[in-house]
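**Q** The structure follows.
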Amino acid sequence: DQADSAAARRDLAFHLHPSTNLALVQAEGPLVISRGEGVYVYDEAGNRYIEGMAGLWCAGLGFSEKRLAEAAYRQMLALPFYHSFSGKVPAISTELAEKLVGVAPEGMGRVFFANSGSEANDSAVKLAWYYNNALGRPDKKKLISRRKAYHGVTVASASLTGLAFAHSDWDLPAPRFLHAETPHHWRGARPGESEEAYAQRLADELERLILAEGPDTVAAFFAEPVMGAGGVLVPPATYFERVQQVLGKYDVLMIADEVICGFGRTGNMFGSQTFGIRPDVITCAKMMTSGYQPMSAMMVSQRIYSVLEDQSRKLGVFGHGFTYSGHPVPAAVALETLAIYEERDLLAHVRRVAPVLQEGLRAMADHPMVGEARGVGLIGAWELVRDKATKAGFDPKAAVGAQFVRNAQRRGAILRVLPGDIIAFSPPLVIEEHELRELLAHAAGALDETWQWVKAKGLA
Ligand code: PLP
């Protein structure tokens, strides 16, 4: 019946959905969402859903923060558009740049604005190339990211991404993009191997990769503090410490993709702070505006900025920027978002309620279908498996995770399945304890219902 409304019929006739199984949406119809309130969204028929993913990991302040709407409206009246090219700049964008440097991990000096996480990562790839050209190292251009990473879908950011759907059929990754091992202790560690020993092994493998390629050819290492779309993978203890030792040895830039972790997801303003990462470059987006306006940023250290400035003295121009870089309306929304964070001490709130989510997820670790329950702060996951002893997953064609998502939706909770039947949780940061319990209850019900379905179909 989802497909029955006028909006659904229009959608099926005219809309090419992003990142969607196109045949499936044609068959099942879209869920048409018409309004939001707090941590809930409502479909056209008035059915209410608790949004367990904050949309796409982004609506940190929920779906009805009027102050963000008012900030956008005020800015629209004062200055609806201006650009930052060639020495001009909207006042509000400079205010945001200063604010971001103020809340960023130590060492960030300048902010470049873009519109999406993909663009921020594309910009970081180009920055790594420009930087090494400026330093007279034209061969130091390779980028290393990790298998299962998600960094976006533009040509460069999709090349950084380490997931098959971003590569197969798209002639990607482009040359010069390499992928290192995924840091996932539960799946990747050898029997009895501690997190620390596993982290050291991965750092040694990274070092071997850099040496095999030639350190003079490797520009940067990209990493999400917690890998998001690849499965909500929390790094093993000491992983980033070990990796940074290797990067430092070969003068390879550490680029932290904070598009999901940035702005409080892990309980600190940035995931880099949670995991002791010392980035040279940070990319961020999503929760910077609580998702209410498209905006992203690339922050660079003062050391890198000085090199760029020197180079542009020679070339005359830093030839990279977008029409909407630092657009005043999203800038105003981002500033208001950060003001609300401070006034409500949202980071303290996240730390207070996070144990409800984390303990709730782990409470289901004994379920016959949950291989691993994991997470940190307000991000987490269940990895569904066919056989807990061998950790073997279900046949992807059985689409067990998709069945879970359907069951959860019918109960009134929106959750997301990631490749490998991994169920992701990333609710709005403003979620209250009783709402987290509601989300977890729907999820637990959906899990049992899916398990009955799996057994009835003979899938396990
Ligand atoms: N980086 C990470 C870690 C992401 O999760 C995403 C999107 O989900 C991106 C980059 C790409 O951002 P966008 O979809 O805004 O291009």
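The values are calculated or read from the model by the stated rules, or taken from the named source; none is laboratory data. Predicted model, so just to flag it, every value in this text is computed and none were measured. Here Cβ is always computed from backbone atoms with ideal geometry, including for glycine, and neighbour counts include all displayed protein chains.
**Q** Residue pairs, Cβ under 8 Å, 6 or more apart or interchain, first in the range 116-133 and in the same structural domain as SER312 (by TED's automatic domain parsing) and within 15 Å of the ligand (Cβ to nearest atom), second acidic (Asp, Glu) and not in a helix (DSSP H, G or I). List them.
**A** So the pair list comes out as GLY117/ASP257; ASN121/ASP257.
**Q** Could you check the range 48-100 and list, in sequence order, the residues that are surrounded by fewer than 16 Cβ atoms within 10 Å (Cβ to Cβ), of a type in the set (Phe, Trp, Tyr) and in a helix (DSSP H, G or I)?
**A** Once the filter is applied, which keeps residues that are surrounded by fewer than 16 Cβ atoms within 10 Å (Cβ to Cβ), of a type in the set (Phe, Trp, Tyr) and in a helix (DSSP H, G or I), the range 48-100 yields TYR73, PHE85.
**Q** Look through the range 136-148, keep the residues that are part of a loop (DSSP other than H, G, I, E, B) and closer than 20 Å to TYR250 by Cβ, and return whichever of them is nearest to the chain's Cα centre (by Cα).
**A** LYS141
**Q** While we're here: Restricting to the range 142-163, what's the tally of residues that are more than 10 Å from the ligand (Cβ to nearest atom) and buried (at least 18 other Cβ atoms within 10 Å of the Cβ)?
**A** Residues flagged as more than 10 Å from the ligand (Cβ to nearest atom) and buried (at least 18 other Cβ atoms within 10 Å of the Cβ) within the range 142-163 amount to 10.
**Q** Out of ASP421, ASP366, which single residue is out of contact with any His (no Cβ under 8 Å at 6 or more places or on another chain), free of Cβ contacts under 8 Å to residues at least 40 places away in the same chain and at positive phi? Lay out the reasoning, then the answer.
**A** Details: ASP366 fails: at positive phi.
Result: ASP421 is the single residue among ASP421, ASP366 that is out of contact with any His (no Cβ under 8 Å at 6 or more places or on another chain), free of Cβ contacts under 8 Å to residues at least 40 places away in the same chain and at positive phi.
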